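Working notes, beginning with the structure itself.
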Amino acid sequence: QVQLVESGGGLVQPGGSLRLSCAGSGFPFSSYAMSWYRQAPGKERELVAAITTTGDDTNYADSIKGRFTIPRDNAKNTVYLQMNSLKPEDTAVYYCNAVGRREGTIIARYWGKGTQVTVSS
C-alpha cells in the first residue's frame, strides 16, 4: 500500500523555523520526484518546492525562495521541507507529493494527507 506520511507541522511564531518530514513507502521512492504543496483557506493549492529524483535540481516558489529548502534522503525514503524566517502568510496545510514519470509522462502521482502549519504570535 502506497503511503506518504507528513509530520512536523504545528504552531510557530513569525521569524521562527519548522521542519516538515514526509516518509514514503510502498513505491520506489528514489525513482520519484518529490514536492511540497500548500493550501490556505479559500485559496487554491500551490506548489511550494520540488526536487528531482537524485536531488540534482530543485524548484521553489518565488514567495518562499531564500527561506525554504527541500532536501531529500533516499536512503530513508524521506523528503523534508526546511522552513525558516516564517511569515503569517505561510500559514496553510502542507501536502507531500510524489510523481513517477516515464519519458516525461506521469505514470503515478501520490499525495499525503497534509499537515497544518500556523504562523502566528
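The values are calculated or read from the model by the stated rules, or taken from the named source; none is laboratory data. Computed from a predicted structure; not experimentally measured. Note: ideal-geometry Cβ built from the backbone for every residue, glycine included; neighbour counts use all protein chains shown. When the accessible area is computed, the model is the full protein with side chains, heavy atoms only, and any ligands, DNA or RNA have been set aside. Shrake-Rupley method; radii C 1.70, N 1.55, O 1.52, S 1.80 Å.
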>> On the basis of being open to solvent by 20 Å² or more (accessible area, probe 1.4 Å), hydroxyl-bearing (Ser, Thr, Tyr) and closer than 16 Å to LYS87 by Cβ, does SER17 make the cut?
In response: yes
> Within segment 85-118, which residues are touching a residue at least 12 places away in the same chain (Cβ under 8 Å), under 18 Å from ASN59 (Cα atoms) and not in a strand (DSSP E or B)?
Replying inline: ASP90
>> So the check is Cβ under 8 Å with 6+ separation or different chains; which pairs have a first residue in segment 48-70 that's within 20 Å of ARG101 (Cα to Cα) and charged (D, E, K, R) and a second one that's modelled with pLDDT of 95 or more and surrounded by 15 or more Cβ atoms within 10 Å (Cβ to Cβ)?
In response: ASP57/ILE51
> Which one of these does ALA75 not meet: (1) within 17 Å of the chain's Cα centre (by Cα); (2) in a helix (DSSP H, G or I); (3) more than 25 Å from PRO41 (Cβ to Cβ)?
Replying inline: (1)
> Which numbered condition trips up ASP90, out of (1) within 12 Å of GLU6 (Cβ to Cβ); (2) surrounded by 21 or more Cβ atoms within 10 Å (Cβ to Cβ)?
Replying inline: (1)
> Is there any pair linking a residue in segment 6-29 that is modelled with pLDDT under 95 to one that is acidic (Asp, Glu) and open to solvent by 60 Å² or more (accessible area, probe 1.4 Å), with Cβ under 9 Å and at least six apart or on different chains, and which?
Replying inline: none
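With the requirement that a residue be buried (at least 18 other Cβ atoms within 10 Å of the Cβ) and either part of a loop (DSSP other than H, G, I, E, B) or among the polar types (S, T, N, Q) (or both), what does segment 31-53 give you?
TYR32, SER35, THR53
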> Can you name every residue in segment 2-14 that is open to solvent by 50 Å² or more (accessible area, probe 1.4 Å) and more than 20 Å from ARG109 (Cα to Cα)?
Replying inline: LEU11, GLN13, PRO14
> What about ALA75, is it of a type in the set (A, V, I, L, M) and open to solvent by 30 Å² or more (accessible area, probe 1.4 Å)?
Replying inline: yes
>> Return the pair list, or none, for Cβ contacts closer than 6 Å from residues in segment 30-41 that are among the polar types (S, T, N, Q) to residues that are surrounded by fewer than 23 Cβ atoms within 10 Å (Cβ to Cβ) and part of a strand (DSSP E or B), at least 6 apart or on different chains.
In response: SER35/ALA50; SER35/ASN97; GLN39/ALA92; GLN39/VAL93
> In segment 101-118, which residues are of a type outside the set (Ser, Thr, Tyr) and crowded, with 17+ Cβ neighbours inside 10 Å?
Replying inline: GLY112, GLY114, VAL117
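Would you check if SER121 is in contact (Cβ under 8 Å) with a residue 40 or more places away in the chain and either surrounded by 15 or more Cβ atoms within 10 Å (Cβ to Cβ) or within 19 Å of GLN1 (Cα to Cα) (or both)? Show your work before the answer.
Numbers: in contact (Cβ under 8 Å) with a residue 40 or more places away in the chain: yes; either surrounded by 15 or more Cβ atoms within 10 Å (Cβ to Cβ) or within 19 Å of GLN1 (Cα to Cα) (or both): no.
When the stated conditions are applied, SER121 does not pass them.
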